[in-house]
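The values are calculated or read from the model by the stated rules, or taken from the named source; none is laboratory data. On a predicted model such as this, the values are computed, not experimentally measured, just so you know. Neighbour counts run over all protein chains shown; Cβ positions are idealised from the backbone, glycine included. Note: accessible area is taken over every heavy atom of the protein model, side chains too, but ligands, DNA and RNA are not part of it. Shrake-Rupley method; radii C 1.70, N 1.55, O 1.52, S 1.80 Å.
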Amino acid sequence: MIAKQRLPAKIVAIGDRSLLLGCPNIEHVPLERARTPGKLDPANGRYVLAVLDRAIRGCLGGEYDAIVTAPVQKSVINDAGIAFTGHTEYLAAAAHAPHVVMMLVGGGLRVALATTHLPLSEVSRSITREGLEQTLRVVDADLKKRFRIARPRILVAGLNPHSGESGHLGREDIEVIAPAVAAAAAAGIAASGPIPADTLFVPERLKAADCVLAMYHDQGLPVLKYASFGRGVNVTLGLPFVRTSVDHGTALDIAGTGKADPGSLLEALKLAIELSQAA
């Protein structure tokens, strides 16, 4: 279906040509071992990274304008003996980007994350004033540059219930988040918060926002995915090139059945084209 879409750009599919039948433009990267749909094989863990590396080289070298990634099964790469936490972190390291931010777009929402793929037990100590200030600068800069928003309005979620209830339910909101937001505002960024996450996403509040900054993955993304699952797009901010991706995982249970919905991939392609033209 994707290969038959008429899009205002040349789309190059990178991967083993046996997996990309029907695609008119293929950059062949061979599998390490023949695949079986729905069956994980650590022998192909390095193949996945080879595909990513080819795309990154193409963008850094000016050959490509953007990268659109399909979902990746992190476990099979780790089972191959390679430390891998996700596309976002891998792309940042490969592109030598000092600070990147994961943001999902869909359902009329933009939700960025202060932390990404971490166990919940590690979230609190991973949130620092310096890190939040960097994140707000990246979000503000890319919303201006790539989304053409002249003065982005960013709502910042609190970490704890009721943003800490004046310190009775945790002091991170008072001692870390609030000072970071104040520093960003003093630097000219239209950020406000911390706002309790349970009331941040009400429609009246969102009308006055261009983006929400959530403190952790499952604080912000369930709301966005409820509003747009299957049509949402993951965008990595802070890279020297455009990168978008789907809003879902690999769905191994339906691999090879023809039942997969390509809607999110198509939206990711369309947004990548739009963002690369704005840069």
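Yes or no: region 224-238 includes at least one residue that is open to solvent by less than 10 Å² (accessible area, probe 1.4 Å), within 25 Å of residue 161 (Cα to Cα) and not polar (S, T, N, Q). Yes - at least one qualifying residue is present in region 224-238. Total residues in region 65-77 satisfying the condition of being touching a helix residue (DSSP H, G or I) at 6+ places or on another chain (Cβ under 8 Å) and open to solvent by 40 Å² or more (accessible area, probe 1.4 Å): the figure is 4. Filtering 259, 225, 270 for residues that are in contact (Cβ under 8 Å) with a residue 12 or more places away in the chain, of a type in the set (D, E, K, R) and under 23 Å from residue 75 (Cβ atoms) leaves a single hit, 225. The set of residues in region 144-164 being in contact (Cβ under 8 Å) with a residue 60 or more places away in the chain, closer than 15 Å to residue 112 by Cα and of a type in the set (Lys, Arg) consists of 146 alone. Scanning region 165-197 for residues that are over 23 Å from residue 125 (Cβ atoms) and either of a type in the set (A, V, I, L, M) or touching a residue at least 24 places away in the same chain (Cβ under 8 Å) (or both), we see that the one that is surrounded by the most Cβ atoms within 10 Å (Cβ to Cβ) is 189.
Check whether at least one residue in region 156-166 is under 22 Å from residue 247 (Cα atoms), part of a loop (DSSP other than H, G, I, E, B) and of a type outside the set (Phe, Trp, Tyr), and report yes or no. No, region 156-166 has no match at all. Taking region 1-38 as the range and being in contact with a helix residue (DSSP H, G or I) (Cβ under 8 Å, 6 or more places away or on another chain), over 24 Å from residue 274 (Cα atoms) and in contact (Cβ under 8 Å) with a residue 40 or more places away in the chain as the test, only 38 passes.
For region 101-144, filtered to residues that are open to solvent by 20 Å² or more (accessible area, probe 1.4 Å) and in a loop (DSSP other than H, G, I, E, B), the residue that is modelled with the lowest pLDDT is 117.
One residue stands out in region 56-80 among those that are more than 24 Å from residue 255 (Cα to Cα) and small (Gly, Ala, Ser): the one that is nearest to the chain's Cα centre (by Cα), namely 66.
Considering only residues in region 201-222 that are in a loop (DSSP other than H, G, I, E, B) and without any contact (Cβ under 8 Å) to a residue 12 or more places away in the chain, the one that is farthest from residue 271 (Cα to Cα) turns out to be 202. Residue pairs, Cβ under 9 Å, 6 or more apart or interchain, first in region 81-100 and within 12 Å of residue 49 (Cβ to Cβ), second among the acidic types (Asp, Glu) and open to solvent by 40 Å² or more (accessible area, probe 1.4 Å). List them. Final answer for the pair search is 94/53.
The single condition from (1) surrounded by fewer than 22 Cβ atoms within 10 Å (Cβ to Cβ); (2) closer than 30 Å to residue 8 by Cβ that residue 205 fails is (2). State whether the residues of region 130-140 include one that is basic (Lys, Arg) and farther than 13 Å from residue 187 by Cβ. No, region 130-140 contains no residue that is basic (Lys, Arg) and farther than 13 Å from residue 187 by Cβ.
The set of residues in region 145-154 being farther than 21 Å from residue 208 by Cβ and either surrounded by fewer than 16 Cβ atoms within 10 Å (Cβ to Cβ) or acidic (Asp, Glu) (or both) consists of 145 alone. Evaluate the following for residue 272: is it part of a helix (DSSP H, G or I) and surrounded by fewer than 18 Cβ atoms within 10 Å (Cβ to Cβ)? In short, no.
Close Cβ contacts (under 6 Å, 6 or more residues apart or on different chains) running from residues in region 127-141 that are polar (S, T, N, Q) to residues that are open to solvent by 20 Å² or more (accessible area, probe 1.4 Å) comprise 134/99; 135/114. Selection over region 86-143 of residues that are in contact with a Phe, Trp or Tyr (Cβ under 7 Å, 6 or more places away or on another chain) and not hydrophobic (A, V, I, L, M, F, W, C) gives a count of 2. Return yes when residue 261 is touching a Gly at 6+ places or on another chain (Cβ under 8 Å), open to solvent by 30 Å² or more (accessible area, probe 1.4 Å) and part of a loop (DSSP other than H, G, I, E, B) and no when it is not. It is true that residue 261 is touching a Gly at 6+ places or on another chain (Cβ under 8 Å), open to solvent by 30 Å² or more (accessible area, probe 1.4 Å) and part of a loop (DSSP other than H, G, I, E, B).
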